[in-house]
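Chemist: I'd like to ask some things about the structure below.
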Amino acid sequence: MRRFPIHDLKADEFEDLVLAICRELLGSGVTGFGSGPDGGRDGFFEGTANRFPSDSAPASGKFVIQAKHAESPVASCSDYDFKKTLLNKELPKVKRLFEDGKLTHYMLFTNRKKTAGADDDFKARVREETGLANAWLLGLEDISRELRAHRNIIQTARLDQFRMPLDFSPDDYRDIIEALYAHREAVETAFSSEYDFKDYPGFEGKNSVNGLSMEYSAHIRDDSMPHFEAVESFLKNPRNEKLKKQYHAVAGELKGQLIVHAEDFNSFEYALESVPRLIQEHSAELRAFEKRHLLKIMIHYMYVNCEIGKKS
C-alpha cells in the first residue's frame, strides 16, 4: 500500500484533507468550521451522501465530521490517549449534539492505525455513551484508500509538497528487518565469519557503471559485505520462504522506483544512502541503531547482487 505523508501535516491541514475526502464521500455541500471551539465538529453535511457508507445504500441525515490528527507515525486507535483521553473529551459533545437534534451520523477521522475490532469497539462506546446508533471510525487505512481512489484530493490537500521521491512499501522492508533482528543471535554468529568478496565478479565494474566513488565502494566492501553471508543464509532457509518472496518483491519494486526517479538523486550512491532514511521516516520501528544497520546492509546486498542498480 502506498504510504502518504499524512503525519507530516499540521492539524488544520489534516482537517482540510478530511473535508476534501468527505466532499467525495458525502457531497459538495460539506462545510468546515473555522478555528476556535468547534463544539465537537470540524465539518457538517446535511442530505443524502454520494456513496457513504456504500454506493448501494448511502446514508441520509445530518453528518457531523471530526478530524483528530496524531503526529506519531506509529499511533494507533488502541492507544490509551485515544481510547480514554480523546474519546472521554469528545463523546459528551457528541451526546449534546445528538440530544439537540443536530446530528444523526457521526464520522471521526484519524491518521492513527485502525486495529482489528477498533471500529466495532468505537461504535459500541458511542452507542452506549451518547445513544447515537450511526457512528464510524475512519483510520489511516481508510484515508489512504480514498487517496488512492481520488488522486485529485492529493493536490487539494497539498500532500504533494511532502511526497517522498520514491513510491514503495516501507512496511515490507520493516517485516524483513524485524525478522532478521529477531534471529540476530544466529545472524551474529554468521556475521563473525569472514566472507571474502575481493574476487567478486563484476563488483568493481558495477560500481563504475553506477558511478560509485572509490570511497563508497570501500564502504560497501568493508562495512556491509562481511555480513552478506548471514543475509544469504537467512533468505535461503526454507523456514523463511515467505520472507524470501517478500524480499524479492520489494527489491523489484525498489529497482523500478530507482529507475523512474533517477533524476531525483545527485548520484546513485546518494540514492543508496537515501533509501534507508526514507524507509526509517515511515517505519519508526526501524530507527533503532541495530535495525538501521541491518536495513543498510540489506540495501547494499540488493545492490551487490544486481537486484538494484545498472548491470551494464
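The values are calculated or read from the model by the stated rules, or taken from the named source; none is laboratory data. This structure is a prediction, so every number in the text was calculated from the model and none was measured. Methodologically, a virtual Cβ is constructed for each residue, glycine included, from the backbone with ideal geometry; neighbour enumeration extends over all protein chains shown.
Chemist: So, in region 254-305, how many residues would count as being assigned to a loop (DSSP other than H, G, I, E, B), modelled with pLDDT under 85 and not aliphatic (A, V, I, L, M)?
Modeler: So the first thing to find is which residues in region 254-305 are assigned to a loop (DSSP other than H, G, I, E, B), and the list is 261, 265-267, 282-283, 287-288, 305.
From what's left, modelled with pLDDT under 85: 261, 265-267, 282-283, 287-288.
Keeping just the survivors that are not aliphatic (A, V, I, L, M) gives 261, 265-267, 282-283, 287.
So the count comes out to 7.
Chemist: Continuing with this model, one more query. Just to be sure, is MET214 more than 27 Å from GLU71 (Cα to Cα) and surrounded by 21 or more Cβ atoms within 10 Å (Cβ to Cβ)? Reasoning before the result, please.
Modeler: Values: more than 27 Å from GLU71 (Cα to Cα): yes; surrounded by 21 or more Cβ atoms within 10 Å (Cβ to Cβ): no.
No: the conditions fail for MET214.
Rundown of residues vs (1) out of contact with any Lys or Arg (no Cβ under 9 Å at 6 or more places or on another chain); (2) farther than 20 Å from PRO53 by Cα, yes/no style:
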site	(1), (2)
LEU91	no, yes
LYS102	no, no
MET107	yes, no
THR130	no, yes
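Residues checked against (1) farther than 21 Å from ASP16 by Cα; (2) β-branched (Val, Ile, Thr); (3) crowded, with 20+ Cβ neighbours inside 10 Å:
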position: GLY27; (1), (2), (3): no, no, no
position: PHE45; (1), (2), (3): no, no, yes
position: LYS62; (1), (2), (3): no, no, no
position: GLU71; (1), (2), (3): no, no, no
position: ASP81; (1), (2), (3): yes, no, no
position: ARG96; (1), (2), (3): yes, no, no
